[in-house]
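The values are calculated or read from the model by the stated rules, or taken from the named source; none is laboratory data. Computed from a predicted model, the values in this text were never measured in an experiment. Cβ placement follows ideal geometry from the backbone for every residue including glycine, while neighbour counts extend to all protein chains displayed. Surface accessibility is based on the protein's heavy atoms, side chains included, excluding ligands, DNA and RNA. Shrake-Rupley method; radii C 1.70, N 1.55, O 1.52, S 1.80 Å.
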Amino acid sequence: MRRRKIAVAAGCCLSFFLGTLLNVLFIPGFDPHHQQPRRGVTPAFAGSPLYWPGEDRESQRLALARQIRERYEEVIRYQKHQAPAAAARRLVRPLERRLMDLAQQRTSSEQTLRLEKGKAPQADSRGGSYPEAKVDLALNPPLLGCRDIHNVTSLHYLGSGYTKAVYKVVLNRTLAVALKSVDFGGHDIENCVKQYAALEDCYRLASYKIVKEMILLQRLQHANILQLYGYCYQDSNDIPDTLTAITELGSPLEMIQLLQTSWEDRFRICLSLVRLLHYLAHSPLGSVTLLDFRPRQFVIVDGELKVTDLDDASIEESSCTSNRHCFIEFPARNFTLPCSVEGRCRNMNEKRNLYNAYRFFFTYLLPHSAPSSLRPLLDMIVNATGELHWGIDETVAQLERVLHLYKSGTYLQNTTRMPKAEYQQIPEAAIPDENYRCWPSYHHKGCLLSVFDVGEAIEVCENHSQCKAFVLTNQTTWTGRQLVFFKMGSNHIVPDPDKITYVKVTG
């Protein structure tokens, strides 16, 4: 018994060391001095069986091989799904030009990653047939590869999920990108190794999820989908062709922080989301659903919401013979959709995405602190999506309507705008101090809000008991609205050619 305890303890220590070491070494260009400490990572091999009886070992090996082949075939299905030629064409963006300038000439070894059409899987020494380890994406235009990430700087661990670990690095000391690789301390690898005791095959099974995600990032071109910059296959220790994906870098979506921002910025997140879901419902691959739809699957890039995690996306539509087969279950609601004459659940992928948008985003971000004249329309949008009365086409049309009303100032037409006081205009002047705080504000130490015009600024000032003056800046928000500082006094006015000050003189 004592020897057994000692053996188990030694095995746990060894597995923790190996799991951490492997997860570090499989990031190309990794510098251990820059690695950030990771907390709560469970050992990759703890509890792994040390011995399999011959018959059980063979059946386990075949079961794992079957899973690898199924996932590989899924990857190939997504890769070979033909998009219309018009949908495949797009202009090269300025950032892509910068990436092409950054990318160095590829070596011949980096160009031999293409799968030969019709090539049969190679047989391994154990008698089974295994799919190809490498799947070439043939990125066009060619962007980043192994050479570009061998000498990265400022490497930081960002986080991990069931399958992937994500790192932030800086290339050429100018461009920050994200690196995604299989997490050797993650749920997928840990459970697989415990069950099958085959690290290389478990790695291959997990890596195909990254390959699938890269194919979807390549095939689905939209402003609210993270950009794929490149990838790298590299041999690492005993595992050949370990994969690292290179993508656009975004900031994690923090709902608590988002709830403290202005309604205008929260509305932008919801508008970004419905534009994305509209594209996914009509994508070149067909209707795409996000099976793992949670806020952590999204990031913020320059104020826009972008989906970053697509390894659990699906284009499969549920088959049916009657409506009872088209049942969608959520924690708080269930829905039954109609079964079409073609034997498919009508719009199931679209409706699943839309209800998840409602329960994770719309209910928290859309109505609260919105302009009063827009609230009835926003409440209608929230209620209609919560009941799945609308599809994505109607939902995006209504949110675009809200955007038009807000940007054009039309939402102000039905409000009474009779100032209670008179205001003196002082051109090319500003008030540097005398701030007070309001919520929500674009400035954490003052009251900085966006307005459509001077009339709305006066209305805001009269609704704030502290407000005695306001300063129009030359800065605008994403909708073109002007940013205004509201002040509690005007005792110290200084020259400023980029600002206009209004001081309350009566009332």
## Note on the structure
With DSSP loop assignment and no more than 15 other C-beta atoms within 10 Å, the trypsin sites (Lys or Arg not before Pro) in the stretch 295-403 are Arg333
#### Entry: Of all accessible heavy-atom area on the stretch 423-504, the percent that carbon and sulfur account for (1.4 Å)
49 percent
### Message
At 7 Å along Cα-to-Cβ for each site, give me the label-to-label distance between Val505 and Asn474 in nm.
### Response
2.6 nm
### Message
Under 19 Å between alpha carbons, and skipping anything fewer than 8 positions from Lys168 in its own chain: which lysines qualify?
### Response
Lys180, Lys306
### Message
Run the reach check for Lys134 against aspartates and glutamates, Cα to Cα strictly under 12 Å, same-chain hits fewer than 8 apart removed. What comes back?
### Response
Glu110, Glu116, Asp235, Asp241
#### Entry: Amide hydrogen neighbours beyond the local backbone of Asp136, cut-off 5 Å, H modeled
Leu115
### Summary
The long-range amide H neighbours of Phe184, using H built 1.01 Å from N in the peptide plane and a cut-off of under 5 Å, are Asn23
### Summary
To the nearest Å², the heavy-atom accessible area per residue of the stretch 251-412 with 1.4 Å probe amounts to 43 Å²
### Query
Among the aspartates and glutamates, which have Cα under 16 Å from the Cα of Lys194 when same-chain residues fewer than 8 positions away are ignored?
Asp56, Glu58, Asp183
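Tally Lys/Arg at +1 and Asp/Glu at -1 over every other residue whose Cβ is under 12 Å from the Cβ of Gly489; what's the total?
Every neighbour counted, the sum reads +1.
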### Query
P(r) for the stretch 138-249: what percent of alpha-carbon pairs falls in each 5 Å bin, starting at zero?
2, 12, 21, 23, 21, 13, 6, 2, 0
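Which value, in debye to the nearest 20, gives the size of the charge dipole of the stretch 427-481 about its Cα centre, when Lys and Arg are +1 and Asp and Glu are -1 at the Cβ?
In debye, rounded to 20, the stretch 427-481 gives about 240.
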### Fraction of accessible area attributable to carbon and sulfur, the stretch 239-390 (%, probe 1.4 Å)
48 percent
## Note on the structure
Check: C-alpha center the stretch 59-81 vs C-alpha center the stretch 239-309, spacing in Å is 27 Å
### Translational diffusion coefficient (Stokes-Einstein; Kirkwood radius from C-alpha pairs) of the stretch 222-292 at 37 °C, 0.692 mPa s, in µm²/s
214 µm²/s
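Would you please name the GluC sites (Glu not before Pro) within the stretch 304-393 that are DSSP coil residues with at most 10 other C-beta atoms within 10 Å of their C-beta?
Counting only loop positions with at most 10 other Cβ atoms within 10 Å, the GluC sites (Glu not before Pro) in the stretch 304-393 are Glu342.
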#### Entry: Ranked order, Asp311, Asp265 - accessible area, probe 1.4 Å, largest first
Asp265, Asp311
### Where the stretch 423-504 is the region considered: accessible area per residue in Å², 1.4 Å probe
51 Å²
